[in-house]
1. Which residues, counting only those in the range 78-101, are closer than 20 Å to PHE23 by Cβ, of a type in the set (Ser, Thr, Tyr) and in contact with a strand residue (DSSP E or B) (Cβ under 7 Å, 6 or more places away or on another chain)?
2. Working only within the range 35-77, note down all residues that are over 25 Å from GLY20 (Cβ atoms) and of a type in the set (A, V, I, L, M).
3. For VAL110, state whether it is part of a helix (DSSP H, G or I), in contact (Cβ under 8 Å) with a residue 12 or more places away in the chain and under 14 Å from the mean Cα position of the chain (by Cα).
4. Taking into account only those residues within the range 26-85 that are in contact with a Pro (Cβ under 6 Å, 6 or more places away or on another chain) and not in a strand (DSSP E or B), which is nearest to GLU105 (Cα to Cα)?
5. Can you tell me which residue among SER119, SER102 is out of contact with any Phe, Trp or Tyr (no Cβ under 7 Å at 6 or more places or on another chain), at pLDDT below 95 and closer than 27 Å to SER40 by Cβ?
6. Within the range 14-57, restricting attention to residues that are surrounded by fewer than 10 Cβ atoms within 10 Å (Cβ to Cβ), among the hydroxyl-bearing types (Ser, Thr, Tyr) and out of contact with any strand residue (DSSP E or B) (no Cβ under 9 Å at 6 or more places or on another chain), which residue is modelled with the lowest pLDDT?
Amino acid sequence: MRQCKSKLIFSFSKFYFLTGGLFLPYFHKKVKTPAFMYASQGAFAGQCFVSPVTNAAWRSKPTFGIIATEDKSILPEIQRKMYQRSNTTVTEVKASHLVYVSQPEAVANVIIDAAKKVSGK
């Protein structure tokens, strides 16, 4: 396992996770348990950044998304462009990247509304 300049740590299995130096400054004021969140973060596959998608679900299915307007991990401007491209129904919530932790009711409402729209109820 080694650390690179971007403060990502990667292992030889090609899975990555954020170091405390990158994770904690962004999240320590946003959640009650930042140390736990850091320690329990899931690794992600680096291959996901370079693998082509041959049949994107958003081309044929309704999509719904949340933009956390104070996100520092994925800038809201980038999220808006991605969602616009995919014709996604968007809800903006004043929150950080961990919107599901800091605003669980808002996230639940988006899920409930999406389920109702897709089911026709």
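The values are calculated or read from the model by the stated rules, or taken from the named source; none is laboratory data. All values derive from a computational prediction rather than experimental measurement. Don't worry about glycine lacking a Cβ; one is built from the backbone with ideal geometry, like all the others, and counts go over all protein chains shown.
1. Correct list: SER96 only.
2. The answer is VAL50, VAL53, ALA56, ALA57, ILE66, ILE67.
3. No.
4. So the residue we want is THR69.
5. Of SER119, SER102, the one residue that is out of contact with any Phe, Trp or Tyr (no Cβ under 7 Å at 6 or more places or on another chain), at pLDDT below 95 and closer than 27 Å to SER40 by Cβ is SER102.
6. SER40
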